[in-house]
Amino acid sequence: QVQLVESGGGLVQAGGSLRLSCAASGRAFGSYGMGWFRQAPGKERDFVAAISWTGGTTSYADSVKGRFTISRDNAKNMVYLQINSLKPEDTAVYYCAASRPRPGWSSTYDYWGQGTQVTVSS
């Protein structure tokens, strides 16, 4: 079982930056793949970024490549999402998610946080 708590959201002007954090509980955190998703008002939740349990492999949605960076610190049970060059269309609730160990790269996530709001003003 993994519990996830996001933080770091807020109101920021377009062009600004934020770093979102996800604190995970559970001794097996280091073996979980981790991801970030977001849900804008009236829209479905979309994939943003993912990172393997070692941190050696990452994946990004096309819309955020070059602006967002996912990272993790297994010693601290933390996952981060650095967001640069924010745009109004990045406004959404951002969720952290954990994927139990599976063979290969998995896009199935088993545990979710409650989310943190990011609002970008133009």
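The values are calculated or read from the model by the stated rules, or taken from the named source; none is laboratory data. Given the structure is predicted, the values throughout are model-derived calculations rather than measurements. Note that we place each Cβ from the backbone using ideal geometry, even for glycine, and neighbour counts take in every protein chain shown. What goes into the accessible areas is simple: the full protein's heavy atoms, side chains included, and nothing from ligands, DNA or RNA. Shrake-Rupley method; radii C 1.70, N 1.55, O 1.52, S 1.80 Å.
Comparing Ala50, Ala98, Ala40, which has the greatest mean-square fluctuation in the GNM of the chain with Cα pairs linked when under 10 Å apart?
Sorting by GNM fluctuation, first place goes to Ala40.
Give, in nm to one decimal, the length gained when the segment between Asp110 and Ala28 is fully stretched (0.36 nm per residue of separation minus the Cα-Cα distance).
Net length gain for the segment: 28.2 nm.
Which order do Ser21, Ser63 take by accessible area at a 1.4 Å probe, largest first?
Solvent-accessible surface, decreasing: Ser63, Ser21.
Only bridges with both residues in the chain count here: give the DSSP antiparallel percent, nearest 5.
90
If I compute solvent accessible area with a 1.4 Å probe over the protein chains, what percent of it on the chain is carbon and sulfur?
Ligands and nucleic acids excluded, carbon and sulfur give 47 percent.
Under 8 Å for C-alpha pairs, at least 6 residues apart: give me the relative contact order for segment 66-122, rounded to a whole percent.
Details: 75 pairs, mean separation 18.3, N = 57.
RCO, segment 66-122: 32 percent.
What residue among Lys76, Lys43, Lys87 has the largest mean-square fluctuation in a Gaussian network model of the chain, using Cα springs under 10 Å?
Largest GNM mean-square fluctuation: Lys43.
Kindly sort Thr91, Thr108 by accessible area of their heavy atoms, largest first, with the probe set to 1.4 Å. Before the final figure, lay out each step's value.
Working: Thr91 35, Thr108 70 Å².
Reading off the accessible areas and sorting them downward yields Thr108, Thr91.
Accessible area per residue for the chain in Å², computed with a 1.4 Å probe and the full protein assembly in place, what is it? Can you show the working numbers first?
Details: 6390 Å² over 122 residues.
With all protein chains present, the chain gives 52 Å² per residue.
Determine, from the Cβ-Cβ distance of Ala75 and Ser121 and an R0 of 41 Å, the FRET efficiency 1/(1 + (r/R0)^6), rounded to the nearest 0.05.
0.70
Around Gly115, under 11 Å between beta carbons, what's the net of Lys plus Arg minus Asp minus Glu among the other residues?
That works out to +1.
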